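Colleague: Let me give you the structure first, and then I'll get to my questions.
The values are calculated or read from the model by the stated rules, or taken from the named source; none is laboratory data. Worth saying up front: this structure is predicted, and the values here are computed from it rather than measured. Here the Cβ positions follow ideal geometry from the backbone for every residue, glycine too, while neighbour counts run over all protein chains shown.
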């Protein structure tokens, strides 16, 4: 029987995000050679009732490429690949009697591959989908517009909403308690926009209630910090062996200014186990600040003197791209990825790499 433990969620200040069960010195992360399996790839696997065969094939591809870790998209739009008591199930997954996450974890482990449950925490629906179009059992339909969810270029849970943070955290607990996953994983989608009108309703209410309110950017950063802290604590109370990883964008500065993701604070305060920055750039990118070696040095310096492990996201999808400004350099993209992989393998301050994505390493 699936277990959901009721929780009383207290938003934990960032400096206190380590739970009592977490040792002062974390166990070293085993070197990761990983791959992301995106939600669109999962949807393709679900078609025609052949998910198990498709996932088996994915595992074989992983073995052929010496992959040790799969990052599987299980909740991309406030819905779930698995059977959930909190979220509506993916419409394609409803066609299966089997619990597909349970099957995926078991199959991966049988082949000595670790499996991380990849969640997009805030995204609910794409642009053009109204609240009335959500499934009847969507928890978002029970929430307050403006306060708990926002319709702006899509539907998003409001990062500042205690109810939203509680829902996301309980969803993480549901996975950790019911499945033998090796990790919980977030990507780089936090605040979807920097537009001050995005969360104006909730921010105005916040200012009215506080004599000395935070500026908008600090308010947003604090909101994301609360989620990261809450999720990390929930994961470690379920099992200290489950790792929590986040894959931010390549630019440390833009993560904070554009997405309000203060990665430095998370790492310094022990709120993440693994950081996987998306360094999807070559060695000759026109903007020198985005060249692979420069970005790698930036991230190594950021994580210096923290307990967070650094794993690098590599953009295999760019191989052979016709898009500017990458077209010329990435004509021979396989050599770029090979070189970047070797750099990651030979740098003792790097704990691995993850390829984006499965379909690109299958070509």
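Colleague: Considering only region 77-156, give the strands (runs of 3 or more DSSP E) lying wholly within it that have at least 2 residues that are surrounded by fewer than 23 Cβ atoms within 10 Å (Cβ to Cβ).
Modeller: Because the criterion is at least 2 residues that are surrounded by fewer than 23 Cβ atoms within 10 Å (Cβ to Cβ), the strands (runs of 3 or more DSSP E) in region 77-156 that meet it are 114-119, 123-125.
Colleague: Please pick out the residue among 66, 75 that is in contact with a strand residue (DSSP E or B) (Cβ under 7 Å, 6 or more places away or on another chain) and either at pLDDT below 95 or on the phi > 0 side of the Ramachandran plot (or both).
Modeller: Selected residue: 66, the only one of 66, 75 that is in contact with a strand residue (DSSP E or B) (Cβ under 7 Å, 6 or more places away or on another chain) and either at pLDDT below 95 or on the phi > 0 side of the Ramachandran plot (or both).
Colleague: Identify the single condition in (1) free of Cβ contacts under 8 Å to residues at least 24 places away in the same chain; (2) surrounded by 13 or more Cβ atoms within 10 Å (Cβ to Cβ); (3) closer than 27 Å to residue 243 by Cβ that residue 321 does not satisfy, given that it satisfies every other one.
Modeller: The failed condition is (3).
Colleague: Report the residue count in region 40-76 for those that are surrounded by fewer than 19 Cβ atoms within 10 Å (Cβ to Cβ) and closer than 15 Å to residue 185 by Cα.
Modeller: Counting residues in region 40-76 that are surrounded by fewer than 19 Cβ atoms within 10 Å (Cβ to Cβ) and closer than 15 Å to residue 185 by Cα gives 0.
Colleague: Tally up the residues in region 245-278 that are free of Cβ contacts under 8 Å to residues at least 60 places away in the same chain and part of a loop (DSSP other than H, G, I, E, B), please.
Modeller: 5
Colleague: Does at least one position in region 202-216 carry a residue that is assigned to a helix (DSSP H, G or I) and crowded, with 19+ Cβ neighbours inside 10 Å?
Modeller: Looking for residues that are assigned to a helix (DSSP H, G or I) and crowded, with 19+ Cβ neighbours inside 10 Å, one finds at least one in region 202-216, hence yes.
Colleague: Inspect region 233-249 for any residue being more than 25 Å from the chain's Cα centre (by Cα) and loosely packed, with under 14 Cβ neighbours inside 10 Å and give the result as yes or no.
Modeller: No, region 233-249 contains no residue that is more than 25 Å from the chain's Cα centre (by Cα) and loosely packed, with under 14 Cβ neighbours inside 10 Å.
Here's the yes/no breakdown for (1) at pLDDT below 95; (2) in a strand (DSSP E or B); (3) under 25 Å from the mean Cα position of the chain (by Cα); (4) surrounded by 13 or more Cβ atoms within 10 Å (Cβ to Cβ):
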residue: 289; (1), (2), (3), (4): no, no, yes, no
residue: 294; (1), (2), (3), (4): no, no, yes, yes
residue: 300; (1), (2), (3), (4): no, no, yes, yes
residue: 327; (1), (2), (3), (4): yes, no, no, no
residue: 333; (1), (2), (3), (4): yes, no, no, yes
residue: 337; (1), (2), (3), (4): no, no, yes, yes
residue: 343; (1), (2), (3), (4): no, no, yes, yes
residue: 348; (1), (2), (3), (4): no, no, yes, no
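Colleague: Within region 223-240, identify whether any single residue is assigned to a loop (DSSP other than H, G, I, E, B) and within 29 Å of residue 181 (Cα to Cα), and answer yes or no.
Modeller: There is at least one residue in region 223-240 that is assigned to a loop (DSSP other than H, G, I, E, B) and within 29 Å of residue 181 (Cα to Cα).
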